[in-house]
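In what follows, a structure is listed as structure tokens, so that the remarks can point back to it.
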Amino acid sequence: MTIRRKVITLQGVPAPSRILRRLKKENCMRFWIQCTRFETGQPVHINIALVGSMCRDGERTVLAFVGGDGERIDVVETPEHILAVHLGAPATA
């Protein structure tokens, strides 16, 4: 016995596969933010989920990454700006 499926397409409605690809890309990229290196002024992309701590040191913000190697990076942006970029703009009443 063979079952035939009828494919229905709706104009203007994206295919499910396109929706899933878009969601996967958004979920993968939502933790990556762009900052500016303090020393060079060059853009750098940082996975905010891997930042263990951040503190302000004069004109720079020091981002320390989780893990045992003690890697850190100095950026121009303030911790408040970094959190606003990651979490989105605060809602206003």
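Once the stretch 35-60 is narrowed to residues that are under 18 Å from the mean Cα position of the chain (by Cα) and in contact (Cβ under 8 Å) with a residue 24 or more places away in the chain, the residue that is nearest to Gly88 (Cα to Cα) is Ile48. Out of the residues in the stretch 44-73 that are surrounded by fewer than 11 Cβ atoms within 10 Å (Cβ to Cβ) and more than 20 Å from Leu87 (Cα to Cα), which is modelled with the lowest pLDDT? Among those residues, the one meeting the criterion is Gly68. The stretch 32-93 holds strands (runs of 3 or more DSSP E) entirely within its bounds, and those carrying 1 or more residues that are touching a Cys at 6+ places or on another chain (Cβ under 9 Å) map to 43-47, 60-65, 72-75.
The values are calculated or read from the model by the stated rules, or taken from the named source; none is laboratory data. Keep in mind it's a predicted model, so treat the numbers as computed, not measured. Virtual Cβ from ideal backbone geometry, glycine too; neighbours counted across all protein chains shown.
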